[in-house]
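To start, the structure under review is shown below, and the notes come after it.
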Amino acid sequence: APAARMIYGNAASIFTGDWLLVEALVRVRRTGLYDVLDRALGVLTEMLDAEALQLDRRGKLDGTVSDYMRVVQGKTASLFRWSLFAGARAGGLDERSCRLLELFGEKLGIAFQVTDDLLDVDGDADKLGKELFGDLREGKATYPLSLVLDRKEGLRAELAAALDKGGVGADLAGRVAVAMRETGAVEDTKKLAESLVNEAEKALSELAGQPNMGDRPALGALSAVASTIAARRK
């Protein structure tokens, strides 16, 4: 389906997004769970800071995996973490259970983003509904790209020169993909995603063992979500 901006234009789409954000915060306030609202505002700050960092780093290929993780923690993991915390608080869970669900959300959020990065370079364009190497062409330093730049001599300088001249062509993008597979960057990215999912499921298992949890269908649903993250292909 076409994006909203393609139908209604950028201005209307941005306005609608702003309205939805305000409406979401109003609904959170109506719950009376003011700690949930406070954390939501904190998450918005984290997301804005991470987006600013990503914009500042765009086109710069001298970043580290640590820089990448700062962006992912702020943009993706923080929202996953808050969503699980909000649900836990609304469900009346105790502090320990809330912390475990936050941990589950954080690990799942990072795994989701790492997998998304991987699909951009090693996915199926038809299934994704978009061209591959979009992040690379925009100068975004993703996890697999950070790995291959550290492992393939001369590639960092070649990519930097291409970005300075206006963009990464299909030939260079193809060679980057080959280098990612040859250096193990693709496989190591898959392993990281799987490890993060395992950590998320460990937190969920610990939660299931908490007193008074009982047989909650939601735990099974969350486990099913976790199991699909690293395996998703679109």
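Each value in this text was obtained by applying a stated rule to the coordinates, not by laboratory testing. For clarity, every value in this text was computed on a predicted model and none was experimentally measured. With ideal geometry, Cβ positions are generated from the backbone for all residues, glycine too; neighbour counts draw on all protein chains shown.
A few comments on the model shown:
- Here the extension length gained between LYS165 and THR64 equals 34.1 nm, from 0.36 nm per residue of separation less the Cα-Cα distance.
- Adding -39500 (n - 2.57) for every DSSP H run of four residues or longer, then dividing by how many residues the chain holds, sets the calculated 222 nm ellipticity at -24000 deg cm²/dmol.
- Net charge, LYS152 excluded, C-beta distance under 10 Å - Lys, Arg +1, Asp, Glu -1: -1
- Take every Cα pair under 8 Å whose residues are at least 6 apart in sequence, average their separation, divide by the length of the range 82-182, and the relative contact order is 20 percent.
- Considering all different alpha carbon pairs of the range 1-137, the Kirkwood hydrodynamic radius works out to 17.1 Å.
- With contacts taken as Cα pairs under 8 Å at a separation of at least 6 residues, the range 1-121 carries a relative contact order of 21 percent.
- With contacts taken as Cα pairs under 8 Å and at least 6 residues apart, the chain reaches a relative contact order of 21 percent.
- Electrostatic bookkeeping for ARG89 treats Lys and Arg as +1 and Asp and Glu as -1; over the other residues with beta carbon under 15 Å from its beta carbon, the sum is +2.
- In the structure shown, the pairs LYS127/LYS191; LYS107/LYS140; LYS140/LYS165; LYS75/LYS130; LYS165/LYS191 are assessed against 26 Å; a Cα-Cα span above that value is assigned to LYS165/LYS191.
- Axis angle, to the nearest 10 degrees, between helix 78-90 and the longest C-alpha principal axis of the chain: 10 degrees.
- Cα-based helix-to-principal-axis angle, 34-57 vs the chain, degrees rounded to 10: 0 degrees
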